[in-house]
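Participant: One structure, as structure tokens, below. Some questions next.
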Amino acid sequence: MAITGNSDQNTGRIRLGMVGGGRDAFIGGVHRIASRIDDRFELVAGAFSSTPEKSRASAADLGITDDRAYGHYVEMAKREARLKNGIDAVAIVTPNHLHYPVAREFLKRGIHVICDKPLTSTLADARKLVKAAERSEALFVLTHNYTGYPMARQAREMVAHGDLGDIRMVQAEYAQDWLTEDEQNKQALWRTDPDQSGAGCIGDIGVHAYNLSCFVSGLEVTELAADMHTFVEGRRVDDNCHVMLRWNGGAKGMLWSSQVAPGNENALKLRIYGSKGGLEWAQENPNQLWHTPFGAPRRLITRGGAGSGGAAGRVTRVPPGHPEGYLEGFANIYTEAANAITAHRDGNDVPADVLFPTVQDGLKGVAFIDACQRSSARNAAWVKVAD
């Protein structure tokens, strides 16, 4: 299969700003790397930290000129919107509680938003952000990066083509071990503060498993029953969650997310079973997809190899056997965003094959988190997922 790449629409770099992501911020560096892999973006401005001094120091580290280093995101949004060479898009890589107010400031000024997940820390803010995005002419991209993996797209394509028949079961899990004990590092502190995160394990990684399940299966959860627990003494958010799922169309499923499972690093797994066969994919072996047609031997589909189709091919960069993974998956979302922004700039519709998580996908994710919290508070009672 031909490796087509995904930078064929490059017509000049998109001027990118960033809010958050300063010194010692893991995800900011990931976004910056991802934005440059296909050479579609150039970082030119930012409000990188909570204080002007820290923001300027981070800007200097990144080669951003002092006049484009801002002490506050509102100042940044106002000035960049007025500049002739102001930013075209902003990446939001702050703790969750800031996603809504930051995105709102840029959306109302027509600046495209690329936001880390989850969409917001509360369902009320998620709904307000959807309205803000609908009022704006700007695009909104949510970086659920696992939807950018080639074999996740291969799986989605096979489900859509009916290779699995009628979907009966969708099983997902995302297990980690890094919060098995109390942690005091920067990444752990805000994630375990409900005022900043809104939720613990279910909002940090469980929502990834949920989003990927929806993306690949094409289904939506209508009802769920969640048992959320906090094992680490004194922790104020959940660190382990078991969720039973009822999907539209009659499919059933389960989702497990845990950050207190020793021996697991980033063990995101998805299994989908239908009347004609099943699929299995694991993020830690991202270039392999297992397909088992009913009554036939299990077969391996590899990224770029035999059996891999066009959906995987258009987001594949290198030949089979050369690993592609986390950073490339993130980069695929950024490049899809670049394709959409370029089309928007030229007055064209976004191409039909361009795929990225939207503000509506983000709303569904926060509604899932909210339903899990409501269910668990009622001793794992079945609840409906909000529209």
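The values are calculated or read from the model by the stated rules, or taken from the named source; none is laboratory data. Values in this document were obtained by computation on a predicted structure and should not be read as measured data. So basically every Cβ, Gly included, is an ideal-geometry build from the backbone, and we count neighbours across all protein chains shown.
Participant: Kindly indicate whether MET151 is crowded, with 24+ Cβ neighbours inside 10 Å and aliphatic (A, V, I, L, M).
Facilitator: Criteria met by MET151.
Participant: Another question about this same structure. Take the residues in segment 74-84 that are in contact (Cβ under 8 Å) with a residue 24 or more places away in the chain and farther than 21 Å from TYR334 by Cβ, then tell me which one is nearest to the chain's Cα centre (by Cα).
Facilitator: Top of the filtered list is VAL74.
Participant: Name the pairs whose Cβ atoms lie under 7 Å apart, with the first residue in segment 134-145 and more than 13 Å from ALA103 (Cα to Cα), the second of a type in the set (Lys, Arg) and at pLDDT 95 or above, and 6 or more positions between them or separate chains?
Facilitator: THR143/LYS117; HIS144/LYS117
Participant: Further question: Would you confirm whether any residue within segment 359-371 is more than 18 Å from the chain's Cα centre (by Cα), without any contact (Cβ under 8 Å) to a residue 24 or more places away in the chain and not assigned by TED's automatic domain parsing to the domain that holds ALA138?
Facilitator: no
Participant: Any residue that is in a loop (DSSP other than H, G, I, E, B) and at pLDDT below 95 - is there at least one of those in segment 28-41?
Facilitator: For segment 28-41, residues in a loop (DSSP other than H, G, I, E, B) and at pLDDT below 95: absent.
Participant: Hey, can you tell me all the residues within segment 45-70 that are more than 20 Å from ASN185 (Cβ to Cβ) and crowded, with 22+ Cβ neighbours inside 10 Å?
Facilitator: ALA45, GLY46, ALA47, SER55, ALA59, TYR70 - these are the residues of segment 45-70 that are more than 20 Å from ASN185 (Cβ to Cβ) and crowded, with 22+ Cβ neighbours inside 10 Å.
Participant: Return the only residue of ASP182, ASP227, ASP204, ASP193 being acidic (Asp, Glu) and touching a Gly at 6+ places or on another chain (Cβ under 8 Å).
Facilitator: Of ASP182, ASP227, ASP204, ASP193, the one residue that is acidic (Asp, Glu) and touching a Gly at 6+ places or on another chain (Cβ under 8 Å) is ASP182.
Participant: I'd like to check something: does segment 85-101 contain any residue that is farther than 19 Å from VAL141 by Cβ, more than 19 Å from the chain's Cα centre (by Cα) and outside the structural domain of PRO194 (by TED's automatic domain parsing)?
Facilitator: Taking every residue of segment 85-101 in turn, at least one turns out to be farther than 19 Å from VAL141 by Cβ, more than 19 Å from the chain's Cα centre (by Cα) and outside the structural domain of PRO194 (by TED's automatic domain parsing).
Participant: Kindly establish whether GLY278 is buried (at least 17 other Cβ atoms within 10 Å of the Cβ) and assigned by TED's automatic domain parsing to the domain that holds ALA160.
Facilitator: yes
Participant: Of the conditions (1) touching a residue at least 60 places away in the same chain (Cβ under 8 Å); (2) among the hydroxyl-bearing types (Ser, Thr, Tyr); (3) part of a helix (DSSP H, G or I), TYR100 satisfies every one except a single condition; which number is it?
Facilitator: With respect to (1) touching a residue at least 60 places away in the same chain (Cβ under 8 Å); (2) among the hydroxyl-bearing types (Ser, Thr, Tyr); (3) part of a helix (DSSP H, G or I), TYR100 is out only on (1).
Participant: Restricting the search to segment 124-161, which residues are over 17 Å from the mean Cα position of the chain (by Cα), assigned to a helix (DSSP H, G or I) and not assigned by TED's automatic domain parsing to the domain that holds ILE205?
Facilitator: ALA124, ASP125, ARG127, LYS128, LYS131, ALA132, ALA133, GLU134, ARG135
Participant: Mind listing whichever residues of segment 274-333 are touching a residue at least 60 places away in the same chain (Cβ under 8 Å) and among the charged types (D, E, K, R)?
Facilitator: Those that are touching a residue at least 60 places away in the same chain (Cβ under 8 Å) and among the charged types (D, E, K, R): LYS276, ARG303, ARG314, ARG317, GLU324, GLU328.
Participant: Specify the residue that is nearest to ARG36 (Cα to Cα); the eligible residues are those in segment 296-324 that are part of a strand (DSSP E or B) and of a type in the set (A, V, I, L, M, F, W, C).
Facilitator: ILE301
Participant: In addition: Give the residue, chosen from PHE294, PHE330, PHE368, that is buried (at least 18 other Cβ atoms within 10 Å of the Cβ), hydrophobic (A, V, I, L, M, F, W, C) and touching a strand residue (DSSP E or B) at 6+ places or on another chain (Cβ under 8 Å).
Facilitator: Unique residue meeting the criteria: PHE368.
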